1. Roughly how much of L279 is accessible, in Å² to the nearest 10, using a 1.4 Å probe?
2. Between the stretch 44-74 and the stretch 183-204, what is the separation of their alpha carbon centroids in Å?
3. Rank-order 250-258, 294-302 by packing density, defined as the average count of other C-beta atoms within 10 Å over each peptide's residues, highest first.
4. Determine how large the accessible area of L42 is when every protein chain is in place; take a 1.4 Å probe and give Å² rounded to the nearest 10.
5. Could you compute the net charge surrounding A3? Neighbours are other residues with a C-beta less than 14 Å from the C-beta of A3; K and R count +1, D and E count -1.
6. If you take every residue apart from G260 with its C-beta less than 15 Å away from the C-beta of G260, what net charge results, scoring Lys and Arg +1 and Asp and Glu -1?
7. What's the lysine pair count for the chain at a Cα cut-off below 27 Å, pairs eight or more apart or interchain?
8. What whole-number distance in Å separates the alpha-carbon centres of the stretch 270-290 and the stretch 239-268?
Amino acid sequence: MRAYVFHGPGEAAWEETADPVLSDSTDAIVRVDAVTVCGTDLHILKGDVPEVRPGTVLGHEAVGEVVETGRDVRSVRPGDRVLISCISACGRCRYCREAMYGQCRGGGGWVLGHLIDGTQAEYVRVPHADFSVHPLPANVTDQDAVLLADIFPTGYEVGELNGRVRPGDTVVVVGAGPVGLAAIATARLLAPERIVAVDVATARLDAARKAGADAVAAAQESPEQLVADLTEGLGADVAIEAVGAPETFEMCTRMMRPGGRVANVGVHGKPVTLHLEDLWIKNVTITTGLVDTHSTPTLLRMAAAGRLPAAGLVTHTFPLDRMQEAYDVFARAADTGARKVVLGGPRREVVEATA
Ligand code: NAD
Ligand code: ZN
């Protein structure tokens, strides 16, 4: 098969590689029908995630059809259309029993496109299939479903739920990339008083407004002043960091009110200063987290009911074999206006219709 293989920082290619095979009785092999590129993949290519070994197929979000299952897989069968979660789960370890799948000790957690071959490929082996793929409702399209593999549960769980967003809150989302936009869209469901989006790119701020932000501010133009003005000088109830940079984390800690919360979502590759000399007196809560995807079944039901505003997040679609082009477009988002790029989909349907 062909797949997007990582060869070390700055180097990756769409190339021929071995087909995945069942290696455990709980594995499934899935044919990839739709797959996306994540901001985290860009971090990997920059060298921010050193545990990714050269030779690894990247990607941790996809929709596809199960083609083969190990003898102990119970919940899906060949022919089933499934969402591949960015988090795999053994379902048995202490963390899985507490729905903290991201921390799974039984061979799950974030493994796809990280510690084992991922989804930016024609086929992928998914370990612990029973707890790692979700059968898809027929009325949720591939393009909407693939957003539920990572960005929606991430924005919702690591952003809103960790940040304990409550009705009437002022929520600031710093970084309006796909994850920040998903955080904005899902924050709306929790009835905040207002959502403020901060980004460096004008195109992203426009997208933030469409996703539901009430006010937007360019990072270079004193967003802290805007948040102070909107909140009678107090600051935000919740600041969600969705960039993964020292300056944006620090900005979040400056923007929250006394008693407020900072929910860090961004993947950090560099040390960040925690200004306890300012924060010790402010009764603040700072959370960090890898997404668990425990909310995926809920989000899927909401998508099927038309209650999840995913429209507008996918800006570009490509056939699978134009992976490099998709990466280039996604990495130059400020110029290309890309939000989420999706590969596969229609091409696959055409191929099948004529087969
Ligand atoms: P992205 O790179 O597409 O988006 C980041 C956004 O931040 C962009 O719109 C960019 O313009 C903006 N930005 C950059 N520098 C900025 C600054 N100084 N001030 C304000 N905005 C700035 O990434 P994404 O896919 O949206 O993901 C966001 C972050 O979340 C990444 O760090 C990603 O690795 C991380 N992530 C974390 C988890 C988790 O489980 N914790 C899961 C998925 C993604
Ligand atoms: Zn586990």
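The values are calculated or read from the model by the stated rules, or taken from the named source; none is laboratory data. None of these values were measured; they are calculated from a predicted model. Cβ coordinates were reconstructed from backbone atoms using ideal geometry, including for glycine residues, and neighbour counts include every protein chain displayed. Calculation scope for accessible area: heavy atoms of the full protein, side chains included, ligands and nucleic acids excluded. Shrake-Rupley method; radii C 1.70, N 1.55, O 1.52, S 1.80 Å.
1. Surface accessible to solvent at L279 totals approximately 10 Å².
2. 30
3. My ranking of the peptides, most packed first, is 250-258, 294-302.
4. Per-residue accessible area (L42): approximately 50 Å².
5. Net charge in that neighbourhood comes out at -3.
6. -2
7. Within the chain, the lysine pair count is 5.
8. With the stretch 270-290 and the stretch 239-268 each reduced to a Cα centre, they are spaced 8 Å.
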